[in-house]
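I'd like to ask you about the structure that follows.
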Amino acid sequence: MEPKDSAFSRRGVLAGVALAAQSGTLLAQSKGVAPGRKFRGWVSRGAGPGRTTLQDLTLRPISGRQIVVRTEATNLCYSNSSDVLGLPPPGLPPAAKDAPPRAVPPAFLAMSRMALIQGHGGVGTVEAVGPEVRRVQVGDRVCVSGTPQCGSCYQCLRGRADMCQFLGRQGPNDLVPIADMRDGTPVYANSHIGGLAELMVTFEEWVVPVFSKASAADLGMVCSCVSVAGLGCTASQVLADVGIGSIVAVVGCGPVGLSAIQGARIAGASTIIAIDPIRVRREVALKVGATHVLDPNVEGDKLVEKVRELSNGPNNRLWAGGRDSGGLLGGAGADFVVEAVGADRAKPKLEAGPDPTGILPIQQAYMMCAPGGHIVTTSLPTGNVTLPAVVFTIGGRTHHAGQYGGANPMRDIPRFVELLDKKQFDAKSLATTIVPIEGMLDAYQQVIDRTTVTALMTA
Ligand SMILES: [Zn+2]
Ligand SMILES: [Zn+2]
């Protein structure tokens, strides 16, 4: 027995040793800060095409929980394309030349007047940390996550880090200047992360250390907002727990859907039905784990029925664990459906889907789900969803609105990197365009044209 208050107790000695070893993490770090550092970044300001230009910038001093990351790679996310390329907001056709100006929300207007480095995060190496930073050290390889995780807000404490309340702290009054242009104009980072620059200046809440030797492009892909969201849907087990032998349908095979397919395969799904109008994307889907592919333009009104047929299984005997498609609500359908389509920001140069607003695919996703099944939606559509009310009220389907696919960044991003390192996640089939910083705009055009699966900028 150890005397409880003895300074020489075994437990007390061990605690002392542990404290000494941890002192580096208990005391604030304060090193590597490099004020005046020059770097290049794509700065967006104003309206219309041409709003984003490559600029020489000077880093401002950092403080508190700020972190400077030297960018290795950043994903050119489709959702960010309007802001980068100056396209009209999703759902709105380009305004006619003589049309009166549209009413623009004040926050949007304020944001468009600021000089902003766009981007949804990326991967890189920590170059400097503020004195209060604990999660990472100078020299660490990190993911600058599209979604923060503070660990202490209402949502983080309830297991929904994908809804971390710091997500709502990215308005024009929340952002802080991180650099200056040659003419002295202050420059800000989109969502406190940026990405389309040689440096990302962010806060501790957005940074996840990753211990991997993967190439910049492969790591940038698996840590991208799109792949984390897709893997989150099917492999994080936060929103829906995809089980072995289950039937998964993925509507939309962009980088989110193709990551969700891989997550479903890794989680042990036995039937994975991938749906996309673009032939090349259906081919990639088969390569990364889909067992069946469907073209929504070919299937038309029969798409839902086709998924139900593929989900029937070998046995429809109700006394033997089977299910049938009869009855008011039907028994067939996918156990899990991931919807990852969204509204077109521009007319695709490859095969266009059946609905540019992205609403029809959501309705189809809901209806192709089996009673008792789960639907995870991830997209940015425009408009209102209409569903048969009786299926919605008593149809047994559970809908999850999956910001980041429900992923818990600090826990899940290292797990997803492990899937890359152990060759379970195929990053190369998704990152079909990789450009240096100078090629960013051309690569973004390919993303908006949908002529590439997704693109990465390396810096
Ligand atoms: Zn994104
Ligand atoms: Zn939080």
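Charges on Cβ only, +1 for Lys and Arg, -1 for Asp and Glu, centred on the Cα centroid of segment 262-420; of V288, G395, N315, which one is farthest towards the dipole's positive end?
Final value for the positive-end residue is V288.
For the residue pair H292 and Q137, what label-to-label distance in nm results when each label sits 7 Å from Cα along the Cα-to-beta-carbon direction?
Calculated label separation equals 5.2 nm.
A320 versus R182, label points 7 Å from Cα toward the beta carbon: distance in nm?
7.8
Apply the Karplus curve 6.51 cos²θ - 1.76 cosθ + 1.60, θ = phi - 60°, to the phi angles in segment 177-183 and return the couplings in whole Hz, x for Gly and Pro.
Per residue, the Karplus-derived 3J(HN,Hα) values read x, 10, 7, 10, 7, 4, 8 Hz.
I would also like to ask the following. So what's the back-of-envelope 222 nm ellipticity for the chain, counting only DSSP H runs of four-plus at -39500 (n - 2.57) apiece and dividing by all residues, rounded to 500? Before the final figure, lay out the partial values.
Values: 14 runs with 125 residues, N = 459.
After summing the helix terms and dividing by the residues of the chain, the value is -7500 deg cm²/dmol.
Further, regarding this structure: Out of every Cα pair in segment 225-313, what percent are spaced more than 21 Å from each other?
Details: 953 of 3916 pairs.
More than 21 Å apart: 24 percent of the Cα pairs in segment 225-313.
Moving to a separate point now. Taking amide hydrogens as modeled 1.01 Å from N in the peptide plane, which residues meet the under 5 Å criterion relative to Q55, leaving out close sequence neighbours?
G41, W42, V43
Work out the FRET efficiency for D449 and S152 from their Cβ-Cβ distance, taking R0 = 25 Å, and round it to the nearest 0.05. Write out the running numbers ahead of the final one.
Details: r = 42 Å, r/R0 = 1.69.
Efficiency for this residue pair is about 0.05.
Could you let me know the centre-to-centre spacing of segment 213-256 and segment 141-182, using Cα atoms, in angstrom?
21
Hey, which aspartates and glutamates would be in cross-link range of K423, C-alpha to C-alpha under 15 Å, not counting anything within fewer than 8 residues on its own chain?
D218
With Rg and the Kirkwood Rh both taken from Cα atoms, where does Rg over Rh land for segment 214-276?
Values: Rg = 11.5 Å, Rh = 11.6 Å.
Taking Rg over the Kirkwood Rh, I get 0.99.
Please give the contour-minus-distance gain from R113 to R411: 0.36 nm per residue of separation, less the Cα-Cα distance, rounded to one decimal in nm.
Gain in length upon complete extension: 103.6 nm.
Also, I was wondering about something else. Could you sort T398, T71 by accessible area so the largest value comes first, with the probe set to 1.4 Å? Walk me through the numbers before you get to the answer.
Numbers: T398 55, T71 5 Å².
Reading off the accessible areas and sorting them downward yields T398, T71.
What translational diffusion coefficient, in µm²/s and rounded to a whole number, does the Stokes-Einstein relation yield for the chain at 25 °C and a viscosity of 0.890 mPa s, taking the hydrodynamic radius as the Kirkwood radius over Cα pairs?
Numbers: Rh = 23.3 Å.
The diffusion coefficient I find is 105 µm²/s.
Roughly how many Å² is the accessible area per residue of segment 124-195, as a whole number, for a 1.4 Å probe?
Working: 3040 Å² over 72 residues.
Counting only protein heavy atoms, the per-residue value for segment 124-195 is 42 Å².
Another question, if that's okay. If we restrict to alpha carbons, what Rg and Dmax does segment 329-459 come to, in Å?
For segment 329-459, the Cα-based Rg and Dmax read 17.8, 54 Å.
About the Cα centre of the chain, how large is the charge dipole given +1 on each Lys and Arg Cβ and -1 on each Asp and Glu Cβ? Please answer in debye to the nearest 20.
Working: 43 positive and 38 negative charges, 123 e Å.
Around 580 debye, computed over the chain.
Roughly to the nearest percent, how much of the accessible area of the chain is carbon and sulfur, given a 1.4 Å probe? Could you put the intermediate results ahead of the total?
Numbers: 11620 of 20610 Å².
Here carbon and sulfur together make up 56 percent of the probe-accessible area.
Same structure, new question: Heavy-atom accessible area of C223 with all protein chains present, probe 1.4 Å, nearest 10 Å²?
Its heavy atoms expose roughly 0 Å² to the probe.
Next question, about the same structure. Probe radius 1.4 Å, ligands and nucleic acids left out: which of T432, T377, T74 has the largest accessible area, and how do the rest follow?
T432, T377, T74
Per residue, how many Å² of accessible area does segment 264-372 show with a 1.4 Å probe? The partial results should precede the final answer.
Details: 5110 Å² over 109 residues.
For segment 264-372, the solvent-accessible area averages 47 Å² per residue.
What are the residues whose amide H is under 5 Å from the amide H of G333, where those residues sit 5 or more places off or on another chain and H is modelled from the backbone?
S311
Out of residues 5 or more away from H399 or on other chains, whose amide H comes under 5 Å of its own, with H placed 1.01 Å from N in the peptide plane?
The list, which skips near neighbours in sequence, is I375.
Something else about it: Take R45, R282, R134 and sort them by solvent-accessible surface of the protein heavy atoms, 1.4 Å probe, largest at the top.
Values: R45 100, R282 40, R134 170 Å².
Output order, biggest surface exposure first: R134, R45, R282.
The values are calculated or read from the model by the stated rules, or taken from the named source; none is laboratory data. All values derive from a computational prediction rather than experimental measurement. As a convention, Cβ positions derive from the backbone with ideal geometry for all residues, glycine included, and neighbour counts pool all protein chains shown. Surface accessibility is based on the protein's heavy atoms, side chains included, excluding ligands, DNA and RNA. Shrake-Rupley method; radii C 1.70, N 1.55, O 1.52, S 1.80 Å.
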